[in-house]
1. Inside segment B:99-112, can you point out the residues that are over 10 Å from the mean Cα position of the chain (by Cα) and either buried (at least 16 other Cβ atoms within 10 Å of the Cβ) or within 12 Å of chain A (Cβ to nearest Cβ) (or both)?
2. Taking segment A:273-313 as the region of interest, how many residues are within 14 Å of chain B (Cβ to nearest Cβ) and in contact with a helix residue (DSSP H, G or I) (Cβ under 6 Å, 6 or more places away or on another chain)?
3. Select from segment A:221-233 the residues that are open to solvent by less than 40 Å² (accessible area, probe 1.4 Å) and over 13 Å from A:Ala177 (Cα atoms) and list them in ascending order.
4. In the list A:Asp307, A:Asp336, A:Asp270, A:Asp322, which residue meets the criterion of being among the acidic types (Asp, Glu) and assigned to a helix (DSSP H, G or I)?
5. If you go through segment B:79-96, how many residues are under 19 Å from B:Asp15 (Cα atoms) and either more than 9 Å from chain A (Cβ to nearest Cβ) or without any contact (Cβ under 8 Å) to a residue 12 or more places away in the chain (or both)?
6. Give the residue that is surrounded by the fewest Cβ atoms within 10 Å (Cβ to Cβ), with candidates limited to residues of segment A:40-86 that are in a helix (DSSP H, G or I) and aliphatic (A, V, I, L, M).
Amino acid sequence: MNTQLKTSVKSNVASYVIDVDVHESLLSVRDLLPHLDRVWHPYLLENIAAVPPRHAYVVPHGGTRKDAKRSDGTTGGQHLEQIQEQLLDAHGIGYAMLTGEFGHKLNTMPQQQFAAGLASAYNDWALDTLITKEPRLKGAIAVAAQLPAAAAREIDRLGGHPGMVQVMLPIGSPDVAWGDEKFHPIWEAAIRNHLVVGFHVAPPTALTGQLTGAGWPKSYMEARSAYPNIFQAQLISLVCNGVFAKFPDLRVAFIEGGFAWVPFVMWRLDQSWNALRAEVPWLTRRPSEYIRAQVRLGTQPFEEPQDPKQILSLIDMMGSEDMLMFSTDYPHWDFDSPVNALPEVIKGDLRQKILYRNAMDFYQLPLPDHRAKVPF
Amino acid sequence: LIDGVFVCRADEIRDGEARGFEVGRSRVVVIRRKDQFYALHDVCPHRAARLCDGVVGGTAVPSEVGVVRYGRDGEILRCPWHGWEFDITNGRSLHDPDRQRVRSYPVRVDGGQVYISVGRRVAAPSLD
């Protein structure tokens with residue numbers, strides 16, 4: 001038994017890979033028109049450059065992998081066949097969770113009914129163009145959380161589609177933190193439709209406010225390094241405001257926000273709870289227990305300590321091997337490959353958990369058909 | 001023969017008051033709730049603050065999300081330093097009752113005098 005295990009650790013065997021962060025995007029916002037309610041057509045056409053709202057930051061060397069960019073300026077995420085060839089086939093990815101970009105930005109729009117209309121159109125576009133055409137791609141329902149009731153209706157409209165596995169939101173929330181009671185209808189809708197709620201990093205504009213409590217970072221370098229800051233704040237908000245306590249069936253994925261900070265947040269929450277639990281009397285378990293039970297994290301950008309062995313200590317400090325889910329962030333510039341993003345110290349069972357099993361369990365998916373050659 | 005060590009007269013501790021005593025080599029905090037007296041080890045298991053400097057009161061009892069409801073008035077001793085809460089009747093903390101707790105000692109009131117048995121430990125009652 002042990003000998004077999006050792007052999008498999010050393011050899012290059014096939015493993016499943018699930019990628020929980022792939023960015024599809026529209027070729028043109030005009031592609032939404034066939035799916036968009038007629039009432040919103042003039043809104044879109046009058047100032048098409050304003051839709052969706054722009055990110056506040058420019059990536060100086062470009063936001064897309066150079067080998068995913070075409071001579072016409074379009075990128076891999078805009079072409080189904082390029083996602084299939086360059087990502088799914090090339091890396092043997094069994095499932096890829098579409099996380100979008102367009103949908104995140106809708107949550108920053110003050111014109112909330114228009115945003116909700118765009119979200120519906122986008123979802124229908126994604127189903128028609130990608131999800132129904134490629135079973136390896138799993139969809140996320142875009143919603144405008146400014147209108148929680150409308151967001152819940154949209155989740156109910158599409159939640160039964162077998163290609164939809166989650167509801168997608170930006171980590172920056174409109175107006176108030178995600179723990180607020182006004183968002184409860186969204187969590188209820190996700191649960192009754194058996195969907196994960198994904199929160200993806202999104203540089204803020206308008207309604208979602210500042211990226212950190214320290215004002216606007218003045219470089220993309222500064223912004224990118226500070227992204228985990230808002231993930232921490234939102235996770236703390238979800239825990240303290242009792243979202244996990246009230247909705248024990250809610251499953252939350254934090255995507256592209258890092259994961260080295262998770263032990264610290266658990267420790268700090270537990271320490272605070274020891275003294276301050278009377279302020280949040282709806283929490284009946286230690287805060288860290290809710291996090292371990294209901295939260296998972298995408299791995300990209302994989303943490304890169306000088307000593308890769310420290311990753312194992314970090315996972316030990318998280319108190320669970322079940323929380324990390326591999327992600328590539330295709331086609332973005334800081335893409336992680338399933339072959340070499342995980343350090344060699346992550347072996348065997350733990351490696352398989354991170355590469356596919358944690359995501360398979362969390363998203364409640366069957367084993368994929370495809371396998372990749374990845375080192376164990 | 002009186003069981004335990006005399007610490008004070010009952011009328012020297014007011015309702016809702018916690019008062020510290022040295023009993024032999026032990027530090028003990030005696031808490032009065034109405035006409036009941038309770039005694040706990042007077043050292044917080046967290047950072048060793050003297051619990052007798054803390055506050056006796058109630059707390060927010062378990063409730064649904066978004067509701068904060070006061071209850072257990074007079075049953076909770078809150079540590080003066082980091083605010084850990086202890087059930088005066090058994091010494092168990094509210095946040096981690098199985099692992100974080102202080103010893104609880106038997107108290108006897110006889111003829112208006114309060115006696116404590118520091119040598120004996122009160123069996124921790126079941127949480128059920």
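1. To start, the set of residues in segment B:99-112 that are over 10 Å from the mean Cα position of the chain (by Cα) comprises B:99-101, B:106-112.
Residues satisfying the conditions are B:Arg99, B:Gln100, B:Arg101, B:Pro106, B:Val107.
2. Looking only at segment A:273-313, we keep the residues that are within 14 Å of chain B (Cβ to nearest Cβ), and these are A:273-290.
Filter again for in contact with a helix residue (DSSP H, G or I) (Cβ under 6 Å, 6 or more places away or on another chain), leaving A:273, A:280, A:282-283, A:286-288, A:290.
Summing the residues that are within 14 Å of chain B (Cβ to nearest Cβ) and in contact with a helix residue (DSSP H, G or I) (Cβ under 6 Å, 6 or more places away or on another chain) in segment A:273-313 gives 8.
3. As a first pass, look at segment A:221-233 and keep what is open to solvent by less than 40 Å² (accessible area, probe 1.4 Å): A:223, A:226-228, A:230-231.
Listed by number, the residues that qualify are A:Ala223, A:Ala226, A:Tyr227, A:Pro228.
4. Values: A:Asp307 fails: assigned to a helix (DSSP H, G or I); A:Asp336 fails: assigned to a helix (DSSP H, G or I); A:Asp322 fails: assigned to a helix (DSSP H, G or I).
Going through A:Asp307, A:Asp336, A:Asp270, A:Asp322 in turn, the sole match is A:Asp270.
5. From segment B:79-96, those under 19 Å from B:Asp15 (Cα atoms) are B:79-80, B:85-91; that's our starting set.
Now drop any that are not either more than 9 Å from chain A (Cβ to nearest Cβ) or without any contact (Cβ under 8 Å) to a residue 12 or more places away in the chain (or both), which leaves B:80, B:86-91.
The number of residues fulfilling the criteria is 7.
6. Initial filter on segment A:40-86 (in a helix (DSSP H, G or I)): A:40-46, A:48-50, A:66-68, A:76-78, A:80-86.
Right, trim to aliphatic (A, V, I, L, M) and you get A:44-45, A:48-50, A:68, A:80, A:83.
On the way: A:Leu44: 19, A:Leu45: 12, A:Ile48: 11, A:Ala49: 6, A:Ala50: 13, A:Ala68: 21, A:Leu80: 14, A:Ile83: 26.
Here the residue is A:Ala49.
For (1) at pLDDT below 95; (2) farther than 24 Å from A:Asn274 by Cα, each residue gets a yes or a no:
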site: B:Ile2; (1), (2): yes, yes
site: B:Val23; (1), (2): yes, yes
site: B:Arg27; (1), (2): no, no
site: B:Arg32; (1), (2): no, yes
site: B:His41; (1), (2): no, no
site: B:Cys44; (1), (2): no, no
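Residue by residue, here is whether (1) within 14 Å of chain B (Cβ to nearest Cβ); (2) within 19 Å of A:Asp322 (Cα to Cα); (3) out of contact with any Lys or Arg (no Cβ under 8 Å at 6 or more places or on another chain); (4) open to solvent by less than 40 Å² (accessible area, probe 1.4 Å) holds:
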site	(1), (2), (3), (4)
A:Val196	no, yes, no, yes
A:Leu211	no, no, yes, yes
A:Gly242	yes, no, yes, yes
A:Phe247	yes, no, yes, yes
A:Gln271	yes, no, yes, no
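The values are calculated or read from the model by the stated rules, or taken from the named source; none is laboratory data. In this text, all values refer to a predicted model and were calculated from it rather than measured experimentally. Positions of Cβ are backbone-derived with ideal geometry, glycine not excepted, and every protein chain shown enters the neighbour counts. Just so you know, the surface numbers come from the protein's heavy atoms only, side chains and all, with ligands and any DNA or RNA stripped out. Shrake-Rupley method; radii C 1.70, N 1.55, O 1.52, S 1.80 Å.
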